[in-house]
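Structure record follows, encoded as structure tokens.
Read-outs throughout are calculated quantities, based only on the coordinates presented, and are distinct from any laboratory measurement. As the structure is a prediction and not an experimental result, all values here were calculated from the model. Neighbour counts are summed over all protein chains in view; Cβ atoms, including those assigned to glycine, are modelled from backbone coordinates with ideal geometry.
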Amino acid sequence: MPAEQPGPVVCFSYLAAAELWSVPGFPQANQGAEVFAIEQSIAADGPMVAAVLSALGVPSLLLANHGGDDARGAQVQEWLQRYRVATTTAVETDVTTPWIVVVADNARTRTWFPHLPGVIDALTHVDLSPFAGASFAYIDGYQLIEAPALRAIQAARAADIPLLLNLGGSPLTAGAAEAVRGHSGLIVQTNVDDDHLAEADRIAPVILEDTEAAWVVITAGASGVLALSRSEQLIFPAFRAEVRHTHCAGAAFSGALIYGLQRGWSLTDSLTLANASGAMRCERNHGEPFPALHELHVFMTSRERAPQSLFAPSAACPHP
């Protein structure tokens, strides 16, 4: 008999239409800035992680809020279909599709303005039973959606499957730490700005101690990646890339990281693939496909790394 196929990677997050605005710089208060370009995408990271996994040939399932029967809802549905994202979400006539404006400037900083009417209530009522048949869980644990995210974490723990909890730069709250503490196969991912690398050295041991995670992974764009366990610290310089934008880079990283971990790769190999995936996404336009596995292998063998990571190698592991 053929070997039984593993269950899908189940991704939990909110679902919204996104407008990506490009400006030369952020204006002072009561001033303006010209918008050079407006592009369409979706949010949050969970839907994009599911799309990354689809491009890598990994079955996945998105659990999120429903969208509306409106122009933004049509934008979201077209995006999901284009990137072959399987989802339990549906279109409802009495729902206004949530949306978010992401403003990026020439200094590669981003600021976002989410409008998420009814999303918290909708996520609170999402059917979480697919976690029971999943092989891996990805959950966006932003403080913005903390209450329904905690419910999803409980479902993933009940299913006893590996979990990647993405904080997306949000602080780790006491409730989230308690919800995940001690779960086997737990990876906690977050990010810091390039200009605040010292924050990674400070927060990584704290997150590790508070969650008892197997690994804490902190990304910092062109400055590389820091991964910390109770016995080891890994630092990865970034791949050199021609950055067009940074939207979806974190999700591209997460999806490739899950790909490697699900296949039993070492964390080093998984993070190398994840680094390449994030860098490739930054080089591609928003409407282009997510990279396939063979493209990532070509990228990794043909691209140089930055001379060294800018992370300080002094963040001590709390338990030698």
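Set the Förster distance to 35 Å, then compute FRET efficiency between GLN154 and SER231 from the Cβ-Cβ distance, nearest 0.05.
E(calc), rounded to 0.05, equals 0.80.
Which Cα, out of GLY7, GLN40, GLN77, lies furthest along the positive dipole direction of region 1-98 (beta carbon charges, K/R +1, D/E -1)?
Farthest towards the positive pole: GLY7.
Trypsin sites (Lys or Arg not before Pro) within region 45-114: which are DSSP loop residues with at most 13 other Cβ atoms inside 10 Å?
Those satisfying the criteria are ARG84.
If you put +1 on each Lys and Arg Cβ and -1 on each Asp and Glu Cβ, how big is the dipole of the chain around its Cα centre, in Debye rounded to 20?
Rounded to the nearest 20 debye, it is 620 debye.
So what's the back-of-envelope 222 nm ellipticity for the chain, counting only DSSP H runs of four-plus at -39500 (n - 2.57) apiece and dividing by all residues, rounded to 500?
One gets -10000 deg cm²/dmol as the mean residue ellipticity at 222 nm.
Put +1 on the Cβ of each Lys and Arg and -1 on the Cβ of each Asp and Glu in the chain; which of GLY255, THR93, MET300 then has its Cα farthest toward the positive end of the dipole?
Farthest towards the positive pole: MET300.
Is the shape of region 172-291 rounded, prolate or oblate, going by the alpha carbon gyration tensor and its root eigenvalues a ≥ b ≥ c, with a/c under 1.5 for rounded and a/b larger than b/c for prolate?
It is prolate, given that a/c is not under 1.5 and a/b is the larger ratio.
Quick check on the chain: what does the Kirkwood estimate of hydrodynamic radius come out to from the alpha carbon pairs, in Å? Don't skip to the answer; put the middle values down first.
Numbers: mean 1/r = 0.0504 Å⁻¹.
For the chain, the Kirkwood estimate is 19.9 Å.
Which of ILE100, ILE187, ILE258 has the fewest other C-beta atoms within 10 Å, and how do the rest follow up to the most?
Ascending number of Cβ neighbours within 10 Å: ILE100, ILE187, ILE258.
Using a 7 Å offset from the Cα along the Cα-to-Cβ direction at both ASP269 and ARG244, what is the distance between the two label points in nm, to one decimal?
3.1
Rounded, prolate or oblate for region 6-130? Axes are the square roots of the Cα gyration tensor eigenvalues, ordered a ≥ b ≥ c, and the cut-off for rounded is a/c under 1.5.
Prolate, because a/c is 1.5 or more and a/b exceeds b/c.
Classify region 183-246 from the C-alpha gyration tensor, please: rounded if a/c falls under 1.5, else prolate or oblate depending on whether a/b exceeds b/c.
Prolate, since a/c reaches 1.5 and a/b exceeds b/c.
VAL243's amide H: which non-local residues (gap 5+, or another chain) put their own amide H closer than 5 Å, with H modeled 1.01 Å from N in plane and none for Pro or chain starts?
Here nothing satisfies the definition.
Where in region 21-87 are there chymotrypsin sites (Phe, Trp or Tyr not before Pro) that are in a DSSP coil and have at most 13 other Cβ atoms within 10 angstrom of their Cβ?
Numbers: sites: TRP21, PHE36, TRP79, TYR83; in loops: PHE36, TYR83.
Here the chymotrypsin sites (Phe, Trp or Tyr not before Pro) that fit, given the DSSP loop and packing criteria, are PHE36.
Give me the net charge of ILE153's neighbourhood, meaning all other residues with Cβ under 15 Å from the Cβ of ILE153; Lys, Arg count +1, Asp, Glu -1.
Summing Lys/Arg as +1 and Asp/Glu as -1 gives -3.
Please report Rg over Rh for region 223-281, where both radii come from the alpha carbon positions and Rh follows the Kirkwood definition.
Rounded to two decimals, Rg over Rh is 0.98.
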